[in-house]
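I have placed the structure first, in the form of structure tokens, so that the comments after it can refer back to it.
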Amino acid sequence: MAKLLVEKSGPLKGTVKIKGAKNSVLKLMAASILADDSCTIESVPELLDVEVMATLLESLGLKVDYNRETEVIETYPAEDLKCEAPYDLIQKMRASFLVLGPLLAKKGIAKVSMPGGCAIGARPIDLHLKGFQALGAEVTLGHGYIEAKAEHGLVGSEIYLDFPSVGATENIMMAATMAKGQTLIQNAAKEPEIIDLANFLNEMGANVKGAGTDTIRINGVTSLKGAKHQTIPDRIIAATYMVAAAITKGDITIENVVSSHVKPVTAKLREMGVTVEDEDDRIRVYTDGPLKAVDVTTLPYPGFPTDAQAQFMALLAISEGTSVISETVFENRFRHVAEINRMGANVKIEGHSAVIQGVESLQGAQVKATDLRAGAALVLAGLVAEGITEIDEIYHIDRGYPQIEKDIVSLGGKIKRVEI
Ligand code: EPZ
């Protein structure tokens, strides 16, 4: 079983280049199902989740060429597109559920295993299904599978999302690209990954307007061609290294980042007294002063990202004063609290909030990653904790961070992967 050993390290200093966004590339890959010819996706990060999505596309009949050196994926349409996504692949990765919309649009039928919940919450799919039904699909649940059918094709409709769900927005947007007439998605998610997907769909010949706002208008087309697209940088990995600079009182320059995508993190770090110098595609974060406690509330974009909540908790754990983190996006995204408290932090959960009393220092301990961002938070905590931190279940981290050890070692951090 692989583990990460992290030692107390000095201030991290240097430059790190951000790779393509996991939470965009998986959807771009799913969208390639819609294309009548080959697609090229660039800046594909080497991640377990990308491997799973590639395997899923191949199981549906597409041909996938994945060049890990050049970080490029080529997909070629299936001669005989299957309509069923198997249980074992959906269970490995929830994002597999995002093939349902494209399959429904392309084939008029899709059978996808229901995604399970996970560490951070039940993660229902009711909004996805509400959208497909609004587009005229007949949706049935049975034996753990969702089956969606629209034998005469989908018909555009108005859909209001009760919550600006990223996945539901993406799944419905992809399904609507080939529906007859116009679809309006209201209260849509506004994350940068939604815009990236809409841009790719439009490059394929779709007609999607308003991505990035709360109302997305899709005029259906009869077919989509192949396209070439470069994935946007991963804003959550960028946020993780911004926190790494603050927590170790170092000086890190982050390259290939879209600064506007991490504005809430920049604002909070500045409130804590950390210096953040941001240009369009580069951010320098440094500090040598005290870290002031601040309150954080996670919200859908453009609010503070829930995917940076755990990393920020590690930082607030050693800040001066009392902070409150309110997690409004997922109902159970505090499983890292028990782990960080094992390292000497003083965090108390009160409903959807965590009250953090800053402590002088943390102690290295044996801990385990409970989800990919919690795992990253424990790495950050380990970099400043006295002694050695042994992190177990690091497959979570590998799902979202292509080369966390390499990056941290290049910044002067002491971290290594061991098989125990
Ligand atoms: C995406 O998940 C991301 N994953 C998550 O990143 C991210 O945390 C999340 O968006 C929010 O930004 C990918 O893009 C692969 P949601 P998704 O649908 O689409 C509720 C990471 O660390 N909801 O916006 O599943 C749901 O229960 C991962 O990289 C419904 O109620 O998120 C949750 O409380 C973790 N019904 C809230 O919406 C639905 O039908 C947000 O979920 C769908 C969602």
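The values are calculated or read from the model by the stated rules, or taken from the named source; none is laboratory data. Please read these numbers as outputs of a predicted model, since none were measured by experiment. Glycine also receives a Cβ, built like all others from the backbone with ideal geometry; neighbour counts cover every protein chain displayed. To get the accessible areas, we keep the full protein, side chains included, count just its heavy atoms, and leave off ligands, DNA and RNA. Shrake-Rupley method; radii C 1.70, N 1.55, O 1.52, S 1.80 Å.
The table below lists the values:
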item	result
Failed criterion for Gly101 (all others in (1) over 14 Å from Leu57 (Cα atoms); (2) at pLDDT 90 or above; (3) of a type in the set (Gly, Ala, Ser); (4) within 14 Å of the ligand (Cβ to nearest atom) hold)	(1)
Inter-residue pairs, beta-carbon under 8 Å, first assigned by TED's automatic domain parsing to the domain that holds Leu104 and in segment 158-172, second β-branched (Val, Ile, Thr) and within 7 Å of the ligand (Cβ to nearest atom), 6+ apart	Gly167/Ile125; Ala168/Ile125
Gly210 being under 25 Å from Phe163 (Cβ atoms) and either touching a strand residue (DSSP E or B) at 6+ places or on another chain (Cβ under 7 Å) or assigned by TED's automatic domain parsing to the domain that holds Glu151 (or both)	yes
Residues located in segment 79-98, provided they are touching a strand residue (DSSP E or B) at 6+ places or on another chain (Cβ under 9 Å) and either within 16 Å of the ligand (Cβ to nearest atom) or in contact (Cβ under 8 Å) with a residue 24 or more places away in the chain (or both)	Cys83, Glu84, Ala85, Pro86, Tyr87, Leu89, Ile90, Gln91, Arg94, Ser96, Phe97
Residues of segment 290-302 that turn out to be open to solvent by less than 20 Å² (accessible area, probe 1.4 Å), assigned to a loop (DSSP other than H, G, I, E, B) and within 10 Å of the ligand (Cβ to nearest atom), as a count	0
Qualifying position, being surrounded by fewer than 24 Cβ atoms within 10 Å (Cβ to Cβ), modelled with pLDDT of 95 or more and of a type in the set (S, T, N, Q), among Ser43, Ser32	Ser43
Condition check for Met204: closer than 18 Å to Ser32 by Cβ and touching a Cys at 6+ places or on another chain (Cβ under 9 Å)	yes
Hey, Ile247 open to solvent by less than 10 Å² (accessible area, probe 1.4 Å) and either within 16 Å of the ligand (Cβ to nearest atom) or of a type in the set (A, V, I, L, M) (or both) or not	yes
Selected residue (criterion: farthest from the chain's Cα centre (by Cα)) from residues of segment 303-321 that are more than 26 Å from Asn187 (Cβ to Cβ) and in a loop (DSSP other than H, G, I, E, B)	Gly321
Residue within segment 115-134 that is touching a Ser or Thr at 6+ places or on another chain (Cβ under 8 Å), more than 12 Å from the ligand (Cβ to nearest atom), open to solvent by less than 50 Å² (accessible area, probe 1.4 Å) and within 27 Å of Thr215 (Cα to Cα) present	yes
Residue selected from segment 343-353 under the condition within 21 Å of Glu393 (Cβ to Cβ) and buried (at least 16 other Cβ atoms within 10 Å of the Cβ), by the criterion farthest from the chain's Cα centre (by Cα)	Gly344
Flag if Ile194 is crowded, with 22+ Cβ neighbours inside 10 Å, within 15 Å of the ligand (Cβ to nearest atom) and within 14 Å of Ala31 (Cα to Cα)	yes
Neighbours by Cβ (under 6 Å, 6+ apart or cross-chain): first from segment 324-341, closer than 16 Å to Glu393 by Cβ; second within 14 Å of the ligand (Cβ to nearest atom) and not in a loop (DSSP other than H, G, I, E, B)	His336/Ala310; His336/Ala374; His336/Ala377
Residues being of a type in the set (Phe, Trp, Tyr) and surrounded by fewer than 22 Cβ atoms within 10 Å (Cβ to Cβ) - total across segment 303-333	1
Selection status of Ala244, in contact with a helix residue (DSSP H, G or I) (Cβ under 8 Å, 6 or more places away or on another chain) and either without any contact (Cβ under 8 Å) to a residue 40 or more places away in the chain or within 27 Å of Glu279 (Cβ to Cβ) (or both)	yes
Extreme residue, nearest to the ligand (Cβ to nearest atom), among residues of segment 46-60 that are open to solvent by 30 Å² or more (accessible area, probe 1.4 Å) and without any contact (Cβ under 8 Å) to a residue 40 or more places away in the chain	Glu51
Odd one out for Lys263, checked against (1) touching a helix residue (DSSP H, G or I) at 6+ places or on another chain (Cβ under 8 Å); (2) within 16 Å of the ligand (Cβ to nearest atom); (3) open to solvent by 70 Å² or more (accessible area, probe 1.4 Å)	(1)
In segment 247-274, the residues that are in a loop (DSSP other than H, G, I, E, B) and without any contact (Cβ under 8 Å) to a residue 12 or more places away in the chain	none
